[in-house]
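S.K.: Supplied in structure tokens, the structure appears directly below.
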């Protein structure tokens with residue numbers, strides 16, 4: 001099966017439970033891989049194990065250096081000891097979700113930023129995000145920034161605040177307003193922070209699909 005070899009012990013995965021009492025996203029790791037099933041450690045939330053029932057449908061997502069992947073599965077068995085685990089059905093197929101040309105989604109989150117100047121960082125300014133991807137963002141600014149300038153931005157995302165340098169690649173006035181649309185490529189961002197942003201983008205996509213907007 002294509003991409004099956006990417007499922008390995010220790011792989012970090014995210015379980016998405018689409019409905020029910022424990023609807024949500026939970027991070028965990030793969031324990032063992034078999035021919036027809038795989039086991040993952042039971043995820044925790046606020047210090048408590050998520051008690052998914054046998055038969056619960058889950059979407060499993062994982063990442064590598066070039067893309068992300070997902071497949072649908074279900075809980076076949078719950079294991080309580082010695083370590084709480086879920087045994088999941090091995091998927092019939094694994095879908096490659098995204099290449100590293102990055103999916104961009106509309107997003108409205110507050111940001112703060114400082115332009116890098118010769119003397120150091122400039123004044124702390126506020127903006128509002130307009131869209132987001134793993135490669136960059138576009139935000140609304142009150143001041144016109146120079147194309148090619150470097151800034152340091154703090155993104156206030158649902159997964160937490162992420163600070164990253166960015167390079168301004170496009171600046172356009174927003175029609176009938178006093179604001180500017182500023183497009184930024186993430187500049188020297190850590191892969192850990194980029195992965196956090198990509199996961200946030202996936203969560204936004206899920207919500208939009210659930211609402212029938214995409």
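Quick grid of which residues meet (1) in the same structural domain as residue 69 (by TED's automatic domain parsing); (2) farther than 30 Å from residue 19 by Cβ; (3) assigned to a loop (DSSP other than H, G, I, E, B); (4) modelled with pLDDT of 95 or more:
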{"position": "123", "(1), (2), (3), (4)": "no, yes, yes, no"}
{"position": "146", "(1), (2), (3), (4)": "no, yes, yes, no"}
{"position": "164", "(1), (2), (3), (4)": "no, yes, no, no"}
{"position": "168", "(1), (2), (3), (4)": "no, yes, no, no"}
{"position": "175", "(1), (2), (3), (4)": "no, yes, yes, no"}
{"position": "198", "(1), (2), (3), (4)": "no, no, no, no"}
{"position": "202", "(1), (2), (3), (4)": "no, no, no, no"}
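S.K.: Scan segment 186-196 and give yes if some residue there is surrounded by 13 or more Cβ atoms within 10 Å (Cβ to Cβ) and at pLDDT 90 or above, otherwise no.
M.R.: Within segment 186-196, none of the residues are surrounded by 13 or more Cβ atoms within 10 Å (Cβ to Cβ) and at pLDDT 90 or above.
S.K.: Restricting to segment 96-121, give me the number of residues that are assigned to a strand (DSSP E or B) and touching a strand residue (DSSP E or B) at 6+ places or on another chain (Cβ under 7 Å). Lay out the reasoning, then the answer.
M.R.: Here is the first cut: in segment 96-121, the ones assigned to a strand (DSSP E or B) are 96-99, 105-106, 110-117, 120-121.
Add one more test, that the residue is touching a strand residue (DSSP E or B) at 6+ places or on another chain (Cβ under 7 Å), and what stays is 96-99, 105-106, 110-116, 121.
Total meeting the criteria: 14.
The values are calculated or read from the model by the stated rules, or taken from the named source; none is laboratory data. Values in this document were obtained by computation on a predicted structure and should not be read as measured data. Quick reminder, even Gly has a Cβ in these numbers, built from the backbone with ideal geometry, and neighbours come from all protein chains shown.
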